[in-house]
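The values are calculated or read from the model by the stated rules, or taken from the named source; none is laboratory data. The structure presented is a predicted model; accordingly, all values stated were derived computationally and were not measured. Methodologically, a virtual Cβ is constructed for each residue, glycine included, from the backbone with ideal geometry; neighbour enumeration extends over all protein chains shown.
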Amino acid sequence: MSEKVNIKNIKNKTVDIEDIGNINKEISENKDNKTVSSEKFFKVNHKYINICLYILIIVFFGTIIYMLINNWSDTKKFIYDLFDVLAPFFAALLIAYFILPIVDKFEGFIQKYISKHKHKKLTRVISIVLAYIVFIGFTIIAFVFVIPQISESISELAINIPVVYDHILDWLKELHKQYPGIDVNKVTDKLNEMVPDIVDYGTNIVSNVVPMIFSLSVSIVRTLINILLALMISVYMIYGKDKFRYQAKRVVYAIFDETKGDSICRTCKECNDIFSAFLISKAVDSLIIGCICCVLMNILRLPYSVLISVIVGITNMIPYFGPFIGAVPGVIIYLCTSPKEVIIFVIMILVLQQFDGLVLGPRLLGQSTGLNPMWVIFAITVGGAYFGVLGMFIGVPIVAVIGFLVNKFIKYKLHGKDIKALRGE
């Protein structure tokens, strides 16, 4: 009997152990269920977190913009001070932008014919030195020969203002005799008010030439220091252009994947090609036109040749309207000094601009912008209205770059779409 009882006890113990195992399984399952439910309850929704972050960023920058606009006088002063501090860097960037093509030309020539693609660092240094010699040489020529002649022309015009004034009064009297209905008294009164100020300004204009040229700074010494800094910084920019390009690519590829990074880098290169092709080609074109104008005026024995040629060359940077803007000061000067020379000057300018538009311009510029004439006029008008002469100069390449980016975006959006309305184009 005892054996039977022991067997029963063993069986009961076995049952108890199984029950305990089942209970443990149920407890563990309950714990797992609670864990799963708690995970479901506390699951992080990244979508809403991103939305909250975007809202915080927008609120943050919106608050900053509101504070800047609300304290506009302080903001404006801060911007001017910042630009004043960064002026050498902007000037260096502009110098490097124009000198870099010259460096590339020298570097390509030396590598091809002299170094045979060896000693790249030494070739780069020699190319930079030669390019800056050319740049500084042109600058010295401008200061030594061009600016003094411009000052002499302005001084001569200032001296001749009383004579011109008498000629204008005589012309107005003759006009009044021929056409008595025209009231010339108002014009005479205005001239009497203007002449003293013009004489004073014309007498002192030679002494004001240097401050006007160096108007970026209050002090001439500070300006010279800024110019030297700009030259030094531009040298470092040109010498380390590959490193700067590499660092910019690192930033792009760190933010975007390789495919988008390649597209962004390629787009930036194309935008730079459009902008630089127009700006540099137009500068060379204007320099050539200014030199030809000076030579023709000397051949035709027209006075104030250097002054007017500089005006014509600078305004030639403005497409379409530049030639007319450049001719206006010359016409006014010759009307006041020698009306017979106006016809000669106008004919010369028309021939020169035809040569520029039909021969020189297409060879240098080609299709550098690819803009419709309407958009060119739009760029000049808007740029001139908001940013003055500088806006008229750079408005066209900026609009060309914007047009290129918009066209690229439209092509990307239309890619793969079969639109019937666009099949005929």
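One residue stands out among those in the range 141-164 that are surrounded by fewer than 14 Cβ atoms within 10 Å (Cβ to Cβ) and modelled with pLDDT under 75: the one that is nearest to Y334 (Cα to Cα), which is V163. Here the condition is being crowded, with 19+ Cβ neighbours inside 10 Å and either hydrophobic (A, V, I, L, M, F, W, C) or within 23 Å of the chain's Cα centre (by Cα) (or both); of L350, L300, L307, it holds for L307 alone.
Could you pull out the residue among F324, F387, F345, F393 that is among the aromatic types (F, W, Y) and modelled with pLDDT of 85 or more?
Criteria check complete, one pass: F345.
For the range 223-279, taking the residues that are of a type in the set (V, I, T) and under 17 Å from the mean Cα position of the chain (by Cα), the one that is farthest from I95 (Cα to Cα) is identified as T267.
Beta carbons closer than 7 Å, at least 6 apart along the sequence or on distinct chains, pair a first residue in the range 88-101 that is within 14 Å of R245 (Cβ to Cβ) with a second that is hydrophobic (A, V, I, L, M, F, W, C) for A96/M237; A96/I238; L100/I238. Pairing residues of the range 62-79 that are hydroxyl-bearing (S, T, Y) with residues that are surrounded by 10 or more Cβ atoms within 10 Å (Cβ to Cβ) and in a helix (DSSP H, G or I), at Cβ distances under 8 Å and at least 6 apart in sequence or on separate chains, gives T75/L68. Condition check for Y253 on (1) at pLDDT 90 or above; (2) farther than 26 Å from P397 by Cα; (3) of a type in the set (S, T, Y); (4) out of contact with any Gly (no Cβ under 6 Å at 6 or more places or on another chain): one failure, at (4). Restricting the range 106-137 to residues that are in a helix (DSSP H, G or I) and polar (S, T, N, Q), the residue that is modelled with the lowest pLDDT is Q111. Candidates are the residues of the range 366-384 that are of a type in the set (A, V, I, L, M) and crowded, with 18+ Cβ neighbours inside 10 Å; the one that is modelled with the lowest pLDDT is L371.
Cβ-Cβ distances below 7 Å connect the following pairs, each with a first residue in the range 385-410 that is closer than 12 Å to W375 by Cα and free of Cβ contacts under 8 Å to residues at least 40 places away in the same chain, a second residue that is of a type in the set (V, I, T) and part of a helix (DSSP H, G or I), and a separation of six or more residues or different chains: G395/I380; G395/V382. Listed by position, the helices (runs of 4 or more DSSP H) inside the range 281-366 whose residues that are within 23 Å of A142 (Cβ to Cβ) and out of contact with any Asp or Glu (no Cβ under 8 Å at 6 or more places or on another chain) number at least 2 are 305-315, 322-337, 340-355. For the range 107-134, the candidate set comprises residues that are under 25 Å from the mean Cα position of the chain (by Cα) and under 16 Å from Y239 (Cα atoms); within that set, the residue that is surrounded by the fewest Cβ atoms within 10 Å (Cβ to Cβ) is Y132.
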